[in-house]
């Protein structure tokens, strides 16, 4: 087994089914989670991977053995699971999903009371339970119960804060691509309930994922074609667990995952409510421009939904998210939620009377480059120190790796929690500047590794 086949970290447990991710590991991790939260009602939902049933049985066994009362919610988007957990005041939840990873992978994502992911400190405590085998097993397990319509709470919360009349009056034509993932059983009905005319592609369950689950432009060819063929107003794409959203305009062009969040934030601040905004350090500068124009404060956090969610609660932000298409609308729940994102953007279309391409043209244009480079754990400090010296005149933020901001560009280099790699992003106002800085950073990283 390669070490990269199995990842056990503060993010949960992830691996390749049939190789590293075994029933024994899944049972043990579920036992640890049940023991950590003290038993009680714990919901379980999944995406549509072929391995979901095997993983579900292992998870249920682990939960039952340590005093939990599992609630089996079947196939369910992860934001819906978080909202269900909060609404019913459960002790926690487990989502069986490897998100945007290939179909042969699966994972457990752990949710605490209130419907939020564990903080890094809480996750470290849970890992202590796991590695030390601190399980509170019982002799008389509880029973598993089920729920008939676990998505209903999520849909209701969105409808309560959405201008349904505006959407119904325009009746936009939408092509939705849920990638045959967790959103598939629900998303067409949800959009129709908002007032849209809906065409669904990649909606057949049981045959794996018809495209790579990550909703980035390279994977949206079928959606772009369908938008043109159907003469639709907009196309939406979700990932396998439905927390991320991508948008294709009426011309069949993906607008870019960073601009999905930008559209939602721009509309919310201008037409719904002025509020502080929270995004992570890797999110586009477009959000800075939107916040400045609206006269509100922008806060940046470490990468990771829980970090954004906690800061949103601290500063009273109603809108935020991550630049990978993760829109977080506190009016519904402070989690990444593609359904809330679709509702906001459809409301924007309806109330503005504009096309998606026109709304996108209102936003500033930046060039963003992303990559990752191999770097051992011992190389990390040397790399970050070298970059800090090279770009010493910029505004430096070290809360998550290194982000340095200049008037005409910024970059963010941060170490992975699970792999010996450094992730890097550069954003600038021109392609020449972006590529020049990108090249300089890579050269600094290479020189740092050679200077051992």
Which number do you get for Rg(Cα) / (2.2 N^0.38 Å) in the chain?
0.97
Test of understanding: ordering 391, 377 by Cβ neighbours within 10 Å, fewest first, what list do you get?
377, 391
Could you check the spin-label model distance between residue 144 and residue 416? Points 7 Å from the Cα along Cα→Cβ, value in nm.
3.3
Order of 444-450, 60-66 by packing, highest average Cβ count within 10 Å first?
60-66, 444-450
Per-bin percent of Cα-Cα distances, region 166-361 [5 Å]:
1, 9, 18, 22, 21, 15, 10, 4, 1, 0
Taking 7 Å along the Cα-to-C-beta vector as the label spot, tell me the residue 57-residue 231 distance in nanometres, rounded to one decimal.
5.1
Please state the equivalent ellipsoid semi-axes for region 367-450: what are the square roots of 5 times the Cα gyration tensor eigenvalues, largest first, in whole Å?
20, 13, 12
Extended-chain gain in nm, criterion 0.36 nm per residue less alpha-carbon gap, residue 377 and residue 8
131.2 nm
Spherically averaged projected area of region 72-212 from its Cα convex hull (nm²):
11.1
Using Cα pairs closer than 8 Å and at least 6 residues apart in sequence, work out the relative contact order for region 126-249, in percent.
25
Could you state the principal axis extents of the C-alpha atoms in region 206-300, from the largest down, to the nearest angstrom?
46, 27, 20
Residue 432-residue 192 FRET efficiency (beta carbon distance; Förster radius 41 Å; 0.05 resolution):
0.35
Sticking with the crude label model, points 7 Å out along Cα→Cβ, report the distance from residue 361 to residue 386 in nm, one decimal please.
4.5
As a check on your grasp of the helix formula, calculate [θ] at 222 nm for the chain: sum -39500 (n - 2.57) over DSSP H runs of n ≥ 4, divide by the residue count, round to the nearest 500.
-11500 deg cm²/dmol
If packing is taken as the average number of other Cβ atoms within 10 Å across a peptide's residues, how do 33-45, 134-146 rank, most packed first?
33-45, 134-146
Most packed first (mean Cβ within 10 Å per residue), the peptides 224-231, 264-271 order as 264-271, 224-231
If contacts are Cα pairs under 8 angstrom and at least 6 residues apart, what is the relative contact order of the chain in percent?
12
Efficiency of FRET from Cβ geometry, residue 128 and residue 169, R₀ 45 Å, rounded to 0.05
0.20
If you average the sequence gap of Cα pairs under 8 Å that are 6 or more apart and divide by the length of region 232-368, what percent do you get for the contact order?
28
Difference of contour (0.36 nm per residue) and Cα-Cα distance, residue 204 to residue 88:
38.7 nm
Let me see the P(r) profile for region 301-342: every Cα-Cα distance counted, bins of 10 Å, each bin given as a percent of all pairs.
34, 59, 7
Difference of contour (0.36 nm per residue) and Cα-Cα distance, residue 121 to residue 273
51.4 nm
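Here, each number is a calculation from the coordinates, and none is a lab measurement. Predicted model, so just to flag it, every value in this text is computed and none were measured. Note: ideal-geometry Cβ built from the backbone for every residue, glycine included; neighbour counts use all protein chains shown.
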